[in-house]
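Undergrad: Let me begin by handing over the structure; questions about it come next.
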Amino acid sequence: MLDLPLWFEVGTLVVLVLLLIADLLIVTRRPHAPSMREASLWVAFYVGLAVVFGIVLGFVGHGQASGEFFAGWLTEYSLSVDNLFIFVIILAQFRVPRKYQQSVLMFGILTAVVLRGIFILLGAALINEFAWVFYIFGAFLVYTAVKLANQQIHHEDHDEDYENAFVRRAQRVLPMTKEYHGVKLRIRENGKRLYTPMVIVFLSIASADLLFAVDSIPAIFGLTQEPFIVFTANIFALMGLRQLYFLIGGLLEKLVYLSAGLAVILAFIGVKLVLHALHENNLPFVNGGEPFHNVPEVPIWLSLSVIVGTLVVTTVLSLMKSRRDDRKAAPAGGAAGPAQGEVEDSTDGASEADDASEAAEHDRR
């Protein structure tokens, strides 16, 4: 059982809440698409903050707590990077203007914090009362790993038409404008109260967050059962996700083996959970309700090594394959390269011009 000073736990939660509030104020007061330099500095700040916290946790608590935090944070961070694919699809599908994307992402992060907090409380309560829940968590993670592996083998991409029944129903029922009006969800037009497309965007992001929470919480409970570590690892993984979106939007497509890497990590944690469930077994129809004392427990150093090793190998192999693919594509598109670049530049310019005209029109209103 983790025994941390009360001042450390309260102080950590207060600092994290203040950081989230500061991030929210920055977005609401100055909605904009951050530059690569700005995004890089913010991502480096949040990653550095997580590393410092993990080291301090090792001194205030013990090495085991620090190892559990880093294993949980890396797992949640890698899952968050995968989740960015869905955010990219949602923002592209609904054609959200680039200057408003920060606000949408901030909403998604805050929603994720609330949902994961609820799931953590429910998960911790279930684990404390019913040890057999580890069997369910473990089986679910192995099932998710198989799905991700199948996606990698059959080269299935994330569904470009991401939507669900709830979102489709909302689109049919709600009286809605065709254009965005900043980040407003509802406006008055010609005497009528109308919703804007931003409502559907927010509903899509929130429903995606719900699915992500269902995936991620069992994964981290497979590494630690300490609610404080579970919560802080999730918060640190979510902070900076908004800036990471703008920083690695193009790099996401190069991580071609990300699904395979996540499949390995989740399968490993799933097996670890099942082994732990067997070691703590109290189901009357399994071994007469007696624990399997000979079943080995996976140490945290091994978990951390597998997670870090898998992420490194996945990233290196993905970038090597992307580089090979670029070399193969180069001869075919050789002469067309500069022209294509010019087209992209003009497209970016047109997009910026559209955003500028939208802003001017919004100001006139």
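Undergrad: Here is a list of conditions, (1) buried (at least 19 other Cβ atoms within 10 Å of the Cβ); (2) part of a helix (DSSP H, G or I); (3) β-branched (Val, Ile, Thr), and VAL114 meets all of them except one; can you say which number that is?
TA: (1)
Undergrad: Looking at (1) loosely packed, with under 12 Cβ neighbours inside 10 Å; (2) under 22 Å from the mean Cα position of the chain (by Cα); (3) modelled with pLDDT of 80 or more, which is the one condition that is false for TRP42?
TA: TRP42 satisfies every listed condition except (1).
Undergrad: Give me the pairs: first residue in segment 1-20 and in contact (Cβ under 8 Å) with a residue 40 or more places away in the chain, second residue in a helix (DSSP H, G or I) and of a type in the set (A, V, I, L, M, F, W, C), beta-carbon distance under 6 Å, and six or more apart or on different chains, which are they?
TA: Correct list of pairs: LEU2/ALA65; PHE8/VAL60; GLU9/PHE228; LEU16/ILE235.
Undergrad: State which residue pairs qualify: first residue closer than 30 Å to SER204 by Cα and free of Cβ contacts under 8 Å to residues at least 24 places away in the same chain and inside segment 62-85, second residue crowded, with 21+ Cβ neighbours inside 10 Å and of a type in the set (Gly, Ala, Ser) in any location, beta carbons under 6 Å apart, and separation of 6 or more residues or different chains.
TA: Filtered contacts from segment 62-85: no entries.
Undergrad: Please find, within segment 180-194, the residue that is farthest from the chain's Cα centre (by Cα) out of those that are surrounded by 11 or more Cβ atoms within 10 Å (Cβ to Cβ) and farther than 20 Å from MET106 by Cβ.
TA: Taking the candidates together, the pick is GLU189.
One line per residue, one yes/no per condition, for (1) crowded, with 19+ Cβ neighbours inside 10 Å; (2) modelled with pLDDT of 80 or more:
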{"position": "TYR100", "(1), (2)": "yes, yes"}
{"position": "PHE107", "(1), (2)": "yes, yes"}
{"position": "ALA124", "(1), (2)": "no, no"}
{"position": "VAL133", "(1), (2)": "no, no"}
{"position": "GLY138", "(1), (2)": "yes, yes"}
{"position": "TYR143", "(1), (2)": "no, yes"}
{"position": "VAL146", "(1), (2)": "no, yes"}
{"position": "ASN164", "(1), (2)": "no, no"}
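Undergrad: Could you say whether any residue in segment 65-85 is modelled with pLDDT under 90, outside any helix (DSSP H, G or I), farther than 14 Å from LEU244 by Cα and not β-branched (Val, Ile, Thr)?
TA: No, that holds for no residue.
Undergrad: Taking the criterion of being of a type in the set (Lys, Arg), surrounded by 15 or more Cβ atoms within 10 Å (Cβ to Cβ) and either over 19 Å from the mean Cα position of the chain (by Cα) or over 24 Å from THR144 (Cα atoms) (or both), would at least one residue in segment 263-279 satisfy it?
TA: Taking every residue of segment 263-279 in turn, at least one turns out to be of a type in the set (Lys, Arg), surrounded by 15 or more Cβ atoms within 10 Å (Cβ to Cβ) and either over 19 Å from the mean Cα position of the chain (by Cα) or over 24 Å from THR144 (Cα atoms) (or both).
Undergrad: Would you confirm whether any residue within segment 296-317 is more than 30 Å from LEU84 (Cα to Cα), touching an Asp or Glu at 6+ places or on another chain (Cβ under 9 Å) and either of a type in the set (Lys, Arg) or at pLDDT 75 or above (or both)?
TA: Looking for residues that are more than 30 Å from LEU84 (Cα to Cα), touching an Asp or Glu at 6+ places or on another chain (Cβ under 9 Å) and either of a type in the set (Lys, Arg) or at pLDDT 75 or above (or both), one finds none in segment 296-317, hence no.
The values are calculated or read from the model by the stated rules, or taken from the named source; none is laboratory data. Note that the structure is predicted; figures quoted are calculated from it, not measured. Neighbour counts run over all protein chains shown; Cβ positions are idealised from the backbone, glycine included.
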